[in-house]
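See structure below.
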Amino acid sequence: MGCRERAAKKDLLRIVAIKDECVPDHRGTLPGRGAYVHPALVCLDLAVRRRAFPRALRAPGPLDTTALRHYVEQATP
Ligand SMILES: [Zn+2]
């Protein structure tokens, strides 16, 4: 979703919206519509800049990605 490179689903991080926040669903168990990005900051930031999350997750307004960004920061070296 971010860089638009093709990838297998298992290599991507699933994101769901809970209230007005983007939440990483690293186990793939959270209900609802999911968006997929590479677990990398470049990819995440691209998706944020394109406002791809509210669109992909059908959110009525902007979504907070602060916690998601922290998660990706820690997950990637
Ligand atoms: Zn990507």
Within the chain, excluding any trypsin sites (Lys or Arg not before Pro) found in a DSSP loop (not H, G, I, E or B) and having at most 13 other Cβ atoms within 10 Å, the longest uninterrupted segment runs 59-77
With the 1.4 Å probe rolled over protein heavy atoms, the chain has an accessible area per residue in Å² of 68
Report the charge-dipole magnitude of the chain in Debye, nearest 20, computed about the Cα centre from +1 at each Lys and Arg Cβ and -1 at each Asp and Glu Cβ. 360
Please state the Cα pair-distance histogram of the chain with 10 angstrom bins from zero: what percent is in each bin? 21, 61, 18, 0
Kindly write out, for the range 67-75 in residue order, the coupling ³J(HN,Hα) from the Karplus curve 6.51 cos²θ - 1.76 cosθ + 1.60 (θ = phi - 60°), rounded to whole Hz, with x marking Gly and Pro. 5, 4, 5, 4, 4, 5, 4, 6, 7
Sorted by chain and then number, the residues having a modelled amide H within less than 5 Å of the amide H of Val37, at least 5 places away or on another chain, are Leu13, Ile15
Please work out how much length the chain gains when fully extended from Lys9 to Arg51, using 0.36 nm per residue of separation minus the C-alpha to C-alpha distance, in nm with one decimal. 13.0 nm
Roughly speaking, to the nearest percent, how much of the range 9-75's 1.4 Å accessible area is carbon and sulfur? 53
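The values are calculated or read from the model by the stated rules, or taken from the named source; none is laboratory data. In this text, all values refer to a predicted model and were calculated from it rather than measured experimentally. No Cβ is skipped: glycine too gets one built from the backbone with ideal geometry, and neighbour counts run over all protein chains shown. Surface areas here come from the heavy atoms of the whole protein model, side chains and all, with no ligands, DNA or RNA. Shrake-Rupley method; radii C 1.70, N 1.55, O 1.52, S 1.80 Å.
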